[in-house]
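Engineer: After the structure tokens below, expect a handful of questions from me.
The values are calculated or read from the model by the stated rules, or taken from the named source; none is laboratory data. Bear in mind that the values here come from a model prediction, so they are computed numbers and not experimental data. Methodologically, a virtual Cβ is constructed for each residue, glycine included, from the backbone with ideal geometry; neighbour enumeration extends over all protein chains shown. Ligands, DNA and RNA are excluded from the accessible area calculation, which covers all protein heavy atoms including side chains. Shrake-Rupley method; radii C 1.70, N 1.55, O 1.52, S 1.80 Å.
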Amino acid sequence: MDDDKLQSMKKKFDACLALEYSNPAYASMHHITVLAFMLQTGRYTQAYEEYALNMLKNFLSHPYKIPRKSTIKSYNLQLSKSKRKGTIFTKSSTKVLDTKMTILDVRLNTPNHYCEDVIAWAKSIIDIS
């Protein structure tokens with residue numbers, strides 16, 4: 001994937017985050033959006049890629065259910081500096097997964113479209129992983 005497309009994906013990701021932080025109807029997808037983007041753009045180190053993929057699968061089993069605070073706390077504890085070896089993220093994209101859908105296909109016009117598209121996009125990442 002070329003740098004221009006990767007930059008377009010990053011801009012769209014930033015736009016998605018802005019919507020998620022400003023509108024509760026969009027915020028319900030935050031836990032999926034971040035994992036999907038980071039997985040698709042190769043931002044997890046090899047040691048943590050499988051862990052992130054498993055989290056995404058778990059979240060997609062009930063995509064409209066916002067994870068409980070205790071679930072997020074558990075994930076955060078497992079990834080804390082004291083429990084992990086090495087870093088979680090790469091400084092830049094190491095690879096980009098070629099899926100049938102990317103963040104560029106996610107519609108921002110309504111919360112319903114957004115949620116449907118984020119879920120479909122995340123599932124396309126699971127399908128090839």
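Engineer: Return yes or no: is Ala52 closer than 22 Å to Ile126 by Cα, in contact (Cβ under 8 Å) with a residue 12 or more places away in the chain, open to solvent by less than 60 Å² (accessible area, probe 1.4 Å) and touching a strand residue (DSSP E or B) at 6+ places or on another chain (Cβ under 8 Å)?
Structural biologist: Criteria met by Ala52.
Engineer: Could you grab me the full set of residues in segment 1-23 that are farther than 14 Å from Leu104 by Cβ and modelled with pLDDT of 95 or more?
Structural biologist: Of everything in segment 1-23, those that are farther than 14 Å from Leu104 by Cβ and modelled with pLDDT of 95 or more turn out to be Leu17, Ala18, Leu19, Glu20, Tyr21, Ser22, Asn23.
Engineer: Next question, about the same structure. Quick one: is Ser22 open to solvent by 40 Å² or more (accessible area, probe 1.4 Å) and among the polar types (S, T, N, Q)?
Structural biologist: Considered against the rule, which asks whether it is open to solvent by 40 Å² or more (accessible area, probe 1.4 Å) and among the polar types (S, T, N, Q), Ser22 comes out as yes.
Engineer: Can you tell me how many residues in segment 10-46 are touching a residue at least 40 places away in the same chain (Cβ under 8 Å) and over 13 Å from the mean Cα position of the chain (by Cα)?
Structural biologist: Matching residues across segment 10-46 total 6.
Engineer: Looking at segment 78-92, is at least one residue polar (S, T, N, Q), closer than 23 Å to Asp3 by Cα and open to solvent by less than 40 Å² (accessible area, probe 1.4 Å)?
Structural biologist: Yes, that holds for at least one residue.
Engineer: Could you tell me whether any residue of segment 24-43 is in contact with a Gly (Cβ under 7 Å, 6 or more places away or on another chain) and assigned to a helix (DSSP H, G or I)?
Structural biologist: No; the residues of segment 24-43 include none that is in contact with a Gly (Cβ under 7 Å, 6 or more places away or on another chain) and assigned to a helix (DSSP H, G or I).
Engineer: On the basis of being open to solvent by 60 Å² or more (accessible area, probe 1.4 Å) and polar (S, T, N, Q), does Gln46 make the cut?
Structural biologist: In short, yes.
Engineer: Out of all the residues in segment 7-27, which are in contact with a Pro (Cβ under 8 Å, 6 or more places away or on another chain) and under 21 Å from Thr102 (Cβ atoms)?
Structural biologist: Scanning segment 7-27 gives a single hit, Tyr26.
Engineer: Among the residues of segment 54-61, is there at least one that is farther than 29 Å from Ser8 by Cβ and touching a Phe, Trp or Tyr at 6+ places or on another chain (Cβ under 9 Å)?
Structural biologist: No, there is no match, as no residue in segment 54-61 is farther than 29 Å from Ser8 by Cβ and touching a Phe, Trp or Tyr at 6+ places or on another chain (Cβ under 9 Å).
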